[in-house]
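These notes are about the structure you will find just below.
The values are calculated or read from the model by the stated rules, or taken from the named source; none is laboratory data. The structure presented is a predicted model; accordingly, all values stated were derived computationally and were not measured. Reconstructed Cβ throughout: ideal geometry from the backbone, glycine too, with neighbour counts over all protein chains shown. Areas reflect the complete protein model, heavy atoms only, side chains present, ligands, DNA and RNA absent. Shrake-Rupley method; radii C 1.70, N 1.55, O 1.52, S 1.80 Å.
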Amino acid sequence: MKKIGIIGAGQLGQMLGFAARDVSIECMFLDPSEDPPAAAAGPVIRAEFDDQAALQKLAQACDVISYEFENVSVDCLRAIESICPVVPSPHALENAQDRLAEKRLFDSLQIPVAQYGKVDDSDDLKKCADVLGLPLVVKTRRFGYDGKGQAILRQIADADAVFESLGGAPLIAETMVPFQFEVSAIGARTDDGEIASYALTKNEHIDGILRVSRAPLDNPHLERLGVEYLTRLLERLDYVGVLALEMFVVGDKLLANEFAPRVHNSGHWTIEGCAGSQFENHLRAVAGMPLASTATKGYPGMVNIIGSLPSDGASISGTGSQTHIYGKQPRPGRKLGHITIIGETAEARDRRIHDIKLTL
Ligand code: AMP
């Protein structure tokens with residue numbers, strides 16, 4: 001039986017660990033938290049993510065190493081590559097960790113993006129405002145997530161304050177995209193170059209945090225474009241595993257925002273909504289197995305449970321829906337679980353999502 005070591009033991013690790021059981025793979029995790037969600041799915045080495053001795057121990061115990069979040073140190077991963085393979089590659093991770101490198105990669109693949117500029121000081125920010133116009137979405141190049149490490153520059157007089165508010169770190173400034181909605185293209189690629197992609201997913205955020213996902217989009221043009229961009233990225237990176245590409249929809253165009261070299265919150269519906277979930281296919285790709293079907297069953301949707309758990313869990317489950325609770329302590333803004341709905345029609349799914357949102 002193949003043993004996969006996963007850095008991080010949050011809910012994504014937990015769902016990877018549960019999926020592993022169906023494909024005769026064993027998962028082992030590394031995480032500094034006490035009793036993290038993935039402890040329900042496999043043994044956890046309790047250590048900091050950059051604890052080299054602990055990482056070596058994980059690498060020695062496993063056939064291959066993967067990760068469930070993108071702020072893992074690339075240097076630490078490169079240091080254990082001599083013990084066992086790290087998949088997806090540290091090279092892919094390196095590109096995802098720096099928003100500027102990521103945008104340049106999209107450019108080189110002719111994947112459209114918002115206009116952007118590199119910002120190292122507040123003068124650069126003022127120059128960007130001159131060249132690109134206002135407002136600008138200003139982001140730290142590294143370590144941002146769920147809208148954190150981000151500010152909006154609306155007038156040039158605020159440039160110094162906006163630059164300072166982001167801690168003086170290297171930044172990127174982007175034009176504000178007048179998008180209709182956001183989508184993600186999620187797919188898996190194996191070492192042999194086999195690619196399987198999921199239906200394009202429509203995403204709804206509140207305060208930068210994903211709240212609801214729905215698939216499929218029922219827009220063949222955008223579906224085709226999403227798969228095309230995802231495929232270019234997977235092939236350029238010689239990628240192995242699951243990758244999520246987040247994009248803005250503007251009319252009949254897709255503009256790439258960022259990619260995550262891992263399983264993704266907007267793909268949770270694939271557990272009930274596909275024969276092979278994103279978790280199973282990540283493990284299959286990482287373990288060198290052929291991919292399972294990514295065809296969509298019915299009309300799936302997903303609602304995140306954020307901040308607090310519903311007082312009556314029973315009231316939100318029901319025919320055609322499945323509740324997943326990760327076992328985390330409630331805290332404002334924290335993802336504690338999610339509910340998947342599989343509707344027979346898009347309308348039935350959307351009615352159910354509406355009702356669930358009212359109870360959360
Ligand atoms: P990010 O951290 O890049 O995923 O951004 C978090 C959220 O901010 C996105 O999901 C969008 O809703 C919004 N956002 C980010 N960049 C832009 C942009 N250039 N224009 C408009 N909205 C943006």
- Candidate set: the range 147-197, residues that are in contact with an Asp or Glu (Cβ under 7 Å, 6 or more places away or on another chain) and in a strand (DSSP E or B); chosen: the one least open to solvent (accessible area, probe 1.4 Å): SER184
- Message: Looking only at the range 167-179, count every residue that is on the phi > 0 side of the Ramachandran plot and within 16 Å of the ligand (Cβ to nearest atom) and tell me the total.
- Response: 1
- Which pairs have Cβ atoms under 7 Å, sit 6 or more apart or on different chains, and link a residue in the range 345-360 that is closer than 18 Å to SER311 by Cα to one that is part of a helix (DSSP H, G or I)? ILE356/ILE316; THR359/SER315; THR359/ILE316
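Can you tell me which of GLU204, GLU182, GLU228 is more than 16 Å from the ligand (Cβ to nearest atom) and either farther than 22 Å from VAL119 by Cβ or not hydrophobic (A, V, I, L, M, F, W, C) (or both)? Lay out the reasoning, then the answer.
Values: GLU204 fails: more than 16 Å from the ligand (Cβ to nearest atom); GLU182 fails: more than 16 Å from the ligand (Cβ to nearest atom).
Within the list GLU204, GLU182, GLU228, the selection yields GLU228.
Of all strands (runs of 3 or more DSSP E) completely enclosed by the range 4-96, which ones contain at least 2 residues that are under 25 Å from LYS328 (Cβ atoms) and β-branched (Val, Ile, Thr)?
On the way: elements: 25-31, 44-46, 64-67.
The qualifying strands (runs of 3 or more DSSP E) are 44-46.
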- Item | From ARG211, ARG189, residue being away from the ligand (no atom under 16 Å from the Cβ) and in contact with a strand residue (DSSP E or B) (Cβ under 9 Å, 6 or more places away or on another chain) | ARG189
- When both residues are 6+ apart or on different chains and their Cβ atoms are under 6 Å apart, which pairs have a first residue that lies in the range 122-147 and is among the small types (Gly, Ala, Ser), and a second that is more than 9 Å from the ligand (Cβ to nearest atom)? SER122/ALA159; SER122/ASP160; SER122/PHE163; ALA129/ILE156
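A quick yes/no check of all residues on (1) out of contact with any Ser or Thr (no Cβ under 9 Å at 6 or more places or on another chain); (2) closer than 21 Å to PHE259 by Cβ:
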{"site": "VAL131", "(1), (2)": "yes, no"}
{"site": "PHE179", "(1), (2)": "yes, yes"}
{"site": "ALA185", "(1), (2)": "no, yes"}
{"site": "GLY193", "(1), (2)": "yes, yes"}
{"site": "SER197", "(1), (2)": "no, yes"}
{"site": "LEU210", "(1), (2)": "no, yes"}
- Query: Yes or no: ALA101 under 14 Å from GLU258 (Cα atoms), within 16 Å of the ligand (Cβ to nearest atom) and either in the same structural domain as GLU68 (by TED's automatic domain parsing) or open to solvent by 10 Å² or more (accessible area, probe 1.4 Å) (or both)?
  - Reply: yes
- Task: Could you give me the residue pairs with C-beta distances under 8 Å whose first residue belongs to the range 174-185 and is under 16 Å from HIS205 (Cβ atoms), whose second residue is surrounded by 16 or more Cβ atoms within 10 Å (Cβ to Cβ) and among the hydroxyl-bearing types (Ser, Thr, Tyr) wherever it lies, and which are 6+ apart or on separate chains?
- Result: VAL183/THR201; SER184/THR201; SER184/SER213; SER184/SER266
- Note on the structure: Of the residues in the range 242-268 that are surrounded by fewer than 24 Cβ atoms within 10 Å (Cβ to Cβ), more than 15 Å from PHE69 (Cβ to Cβ) and of a type outside the set (A, V, I, L, M), the one that is farthest from the ligand (Cβ to nearest atom) is ASP252
- Query: Does the range 269-287 hold any residues that are under 16 Å from the mean Cα position of the chain (by Cα), among the hydrophobic types (A, V, I, L, M, F, W, C) and open to solvent by 10 Å² or more (accessible area, probe 1.4 Å), and which are they?
  - Reply: ILE271
- Look at ARG236 and say whether it is open to solvent by 40 Å² or more (accessible area, probe 1.4 Å), basic (Lys, Arg), at negative phi and more than 16 Å from the ligand (Cβ to nearest atom). yes
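When you check ALA19 against the structure, is it free of Cβ contacts under 8 Å to residues at least 60 places away in the same chain and in contact with a helix residue (DSSP H, G or I) (Cβ under 7 Å, 6 or more places away or on another chain), yes or no? Can you show your working first?
Details: free of Cβ contacts under 8 Å to residues at least 60 places away in the same chain: no; in contact with a helix residue (DSSP H, G or I) (Cβ under 7 Å, 6 or more places away or on another chain): yes.
Judged against the criteria, ALA19 is not a match.
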- Among the residues of the range 17-41, write down those that are touching a strand residue (DSSP E or B) at 6+ places or on another chain (Cβ under 6 Å) and within 22 Å of SER89 (Cα to Cα). GLY17, ALA20, ILE25, GLU26, CYS27, MET28, PHE29, LEU30, ASP31
- Query: For the subset of the range 104-126 comprising residues that are within 14 Å of LEU230 (Cα to Cα) and in a helix (DSSP H, G or I), which member is nearest to the ligand (Cβ to nearest atom)?
  - Reply: PHE106
